[in-house]
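Visitor: The structure follows.
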Amino acid sequence: MLQLIPVESLGQVLATFGALLAAGLGATGAAIGIGFSGSAMIGTIAERPETFSKSMIAVVLAEALGIYGLLASFMILMQLPSITEPAQGLIAFGAGLAIGVAAIGAGIGIAYAGSSMCTSIAEAPETFSKSLVSVVLAEALGIYGLLASFMLLMNIESATNIASGYIAIAAGLAIGLAAIGAGIGIAKAGSALSKALVRAPETFSKGLVSVVLAEALGIYGLLASFMLLMEIETVTTLTAGWVAIAAGLAIGLAALGAGIGIASGGAALSESLVERPEVFSKGLVSVVLAEALGIYGLLVSFMLLMQVGEISVESGQGMIAIGAAIAIGFAGIGAGLGIAKAGSALSKSLVRAPESFSKGLVSVVLAEALGIYGLLLAFMLIMSADSPTITTGQGLLAIGSGIAIGVACIGAGFGIAYAGESLSETIADRPETFSKGLVSVVLAEALGIYGLLIGFMTVMSIETATGDAQGWLAIAAGLSIALAAIGGGIGIGLSGAALSRSLKAAPETFSKGLVSVVLAEALGIYGLLASFMLVMNIDSVVIGSAWIGIAAAGTVGLGCLVAGVAIGWAGSSMVGALVNKPEVFSKSMVPVVLAEALAIYALLVAFMLIMQI
């Protein structure tokens with residue numbers, strides 16, 4: 001086989017790509033910040049030329065991100081001649097990843113917060129110092145990435161074990177992904193804060209809370225990176241390296257979900273404070289719940305890091321850790337999606353109807369529960385990884401379990417996001433519609449519970465697993481419920497949102513409009529049925545039959561996914577039509593039912609395949 005990269009040059013090649021990441025992604029983050037804030041600056045100075053020096057600060061801070069990346073790239077290239085081991089190259093690559101991805105997160109934060117700062121000082125120059133706080137906090141994310149990068153490069157000469165390189169990749173993922181989550185949170189929350197200062201400067205301290213909570217996500221990633229660096233000279237096995245990567249992914253992905261939740265919830269909170277400052281404590285609840293998702297990821301990361309130094313033999317333990325990271329990471333993203341829109345709508349509804357808080361909070365709490373499901377399964381997986389004799393098959397079972405709960409929660413989160421948003425908007429005007437509007441939200445939540453059930457079933461099979469085939473079949477079971485839940489979540493989200501809106505004008509359409517929501521929910525049940533059948537075959541499966549299981553899972557999962565999209569579009573239109581013309585129900589149901597049939601066809605094929613296992 002043609003060897004493109006000689007082994008003796010691999011370390012330098014990896015280091016070269018590390019330099020590319022540092023300079024290239026650093027420039028990308030800077031360009032995002034400069035593009036948005038620079039455009040706003042030009043508009044501001046055209047109106048008020050005297051604000052040039054103040055407006056320019058956001059652009060200069062964005063430019064600094066490119067310089068950070070350039071500096072890290074130079075440091076990598078200066079060490080290039082002395083790099084002789086692949087492990088050293090991986091450390092350089094991780095260093096480039098840390099500053100590069102963190103710079104993108106910082107750039108996103110500066111882009112939105114900086115552009116809003118420029119707009120605000122055009123109307124009220126006295127808001128400059130307060131508006132600048134969000135921009136500076138976004139800039140700090142790039143500094144965190146640069147700090148992690150420097151610390152990694154300080155260890156490059158002593159690295160000879162390839163597992164040390166894995167630690168560097170893990171540290172880069174931790175600070176990089178966490179910085180993106182923090183940057184997204186600061187972007188929207190900081191932007192809304194600056195706009196609010198023009199109308200109500202006294203809301204600054206309260207509005208700043210959301211921005212600070214978003215910033216904390218970057219600190220969580222930095223903390224995990226520091227703890228990973230403490231293990232860089234102690235790891236001796238690739239298994240320990242994979243556990244470290246799982247720790248980095250756990251905090252990185254969970255912080256990303258938390259940032260999404262804080263972004264919309266924090267922005268809506270600042271907007272609400274302008275009109276009704278007394279809603280602060282209630283509006284803050286959704287922001288705090290979103291922040292908790294990052295803490296869940298940090299807890300899982302810490303638990304995994306406690307195992308890194310104790311692993312002395314190669315085993316499937318690293319794969320179990322990856323399963324735990326998938327569970328908490330993707331569940332956190334799903335929960336963040338749900339909290340983002342449901343929490344935003346809750347804060348806005350408090351301005352018109354403060355008494356709707358407890359009812360509107362239900363959707364936010366149900367979204368938060370998705371993150372708890374992922375945390376619970378991650379704990380179970382970590383607790384099952386206490387033996388040095390874990391096999392590859394057992395590790396694959398854990399990955400299947402993580403996919404089941406993690407990705408299913410993304411589908412559930414999407415459904416809760418849209419259905420929960422419409423619910424809060426509707427009950428602000430018509431509180432009596434709460435119980436009917438809540439049905440869609442609860443059905444979306446059920447999708448996450450289906451994923452949790454399959455996750456539990458596969459975890460319970462870990463101890464008795466003896467071969468790789470069992471692990472692959474568990475992955476098939478996870479894919480089946482995961483893809484079906486995404487389809488169900490899309491269908492419930494779009495149809496359920498339309499149903500809640502229709503209750504304002506025509507509450508009598510509820511039973512008819514609910515049909516499309518229930519049909520979307522059925523998609524998750526189809527995936528659950530297929531997953532159950534696959535799990536029931538785990539103990540007897542052989543390697544050839546496992547691939548049949550994966551084909552079955554792909555069939556039913558994709559069938560439910562596309563059916564969910566179609567049901568969402570057609571169902572939302574059907575519900576809208578019922579408000580004005582209830583008599584069109586039977587005819588407008590035709591495309592919804594035909595879309596549902598697509599999933600049934602896929603389920604039939606999946607059943608036939610499973611019978612061959």
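Taken together, the values in this text are just the output of simple stated rules run on the coordinates, not laboratory data. No experiment lies behind these values; they were computed from the predicted model shown. No Cβ is skipped: glycine too gets one built from the backbone with ideal geometry, and neighbour counts run over all protein chains shown.
Visitor: For the pair V136 and F150, how long in nm is the line joining their label points, each one 7 Å along Cα→Cβ?
Guide: According to this spin-label approximation, the distance is 1.9 nm.
Visitor: Right, here's the next one. Collect residues whose amide H, placed 1.01 Å from N in the peptide plane, falls under 5 Å from the amide H of T391; neighbours closer than 5 in sequence don't count.
Guide: Those qualifying (amide H under 5 Å, at least 5 residues apart or on another chain) are G316.
Visitor: Would any residue of the range 292-336 have its amide N under 13 Å from a label point 7 Å out along Cα→Cβ of S158? List them or say none.
Guide: none
Visitor: With a sphere of radius 13 Å drawn around the Cβ of G568, what net charge do the other residues whose Cβ falls strictly inside it have (Lys, Arg +1; Asp, Glu -1)?
Guide: Net charge in that neighbourhood comes out at -2.
Visitor: Give the distance, in whole Å, between the Cα centre of the range 62-132 and the Cα centre of the range 201-270.
Guide: Value for the Cα centre distance between the two parts: 16 Å.
Visitor: Further, regarding this structure: If you take every residue apart from I34 with its C-beta less than 14 Å away from the C-beta of I34, what net charge results, scoring Lys and Arg +1 and Asp and Glu -1?
Guide: Local charge sum for I34: -2.
Visitor: Among the complete DSSP H segments of the chain, which ones combine at least 18 Å of alpha-carbon extent along their axis with a mean Kyte-Doolittle hydropathy of 1.6 or more?
Guide: Those that pass (Cα extent of 18 Å or more, hydropathy at least 1.6) are 128-153, 204-229, 280-308, 357-384, 434-459, 510-536, 585-610.
Visitor: Just how far, in whole angstrom, is the range 540-563 from the range 348-394 if you go by their alpha carbon centroids?
Guide: 27
Visitor: Can I ask one more? Among T433, T458, T51, T389, rank each residue by its count of other Cβ atoms within 10 Å, from fewest to most, as a rough exposure measure.
Guide: Starting with the residue having the fewest Cβ neighbours, the order is T389, T51, T433, T458.
Visitor: May I ask you to derive the relative contact order of the range 10-283, considering only C-alpha pairs under 8 Å and at least 6 residues apart, and to give it as an integer percent?
Guide: Reported as a whole number, the value is 22 percent.
Visitor: Per 0.36 nm of contour for each residue apart, how much would the distance between E314 and V593 grow if the chain were fully extended, relative to their Cα-Cα spacing?
Guide: Going from the current span to full extension adds 95.3 nm.
Visitor: Something else about it: Given a Förster distance of 22 angstrom, what is the FRET efficiency for F456 paired with D539, based on the Cβ-Cβ distance and rounded to 0.05?
Guide: 0.85
Visitor: Compute the signed sum of charges (Lys and Arg +1, Asp and Glu -1) over the other residues within less than 14 Å, Cβ to Cβ, of L152.
Guide: Once all neighbours under 14 Å are counted, the net charge is -3.
Visitor: Rounded to the nearest 500, what is the chain's calculated 222 nm mean residue ellipticity when only DSSP H runs of at least 4 contribute -39500 (n - 2.57) each, over all residues?
Guide: -31000 deg cm²/dmol
Visitor: List the pairs from K512/K587; K54/K188; K130/K359 whose alpha-carbon separation is above 23 Å, in the order I gave them.
Guide: Check vs 23 Å cut-off fails for K130/K359.
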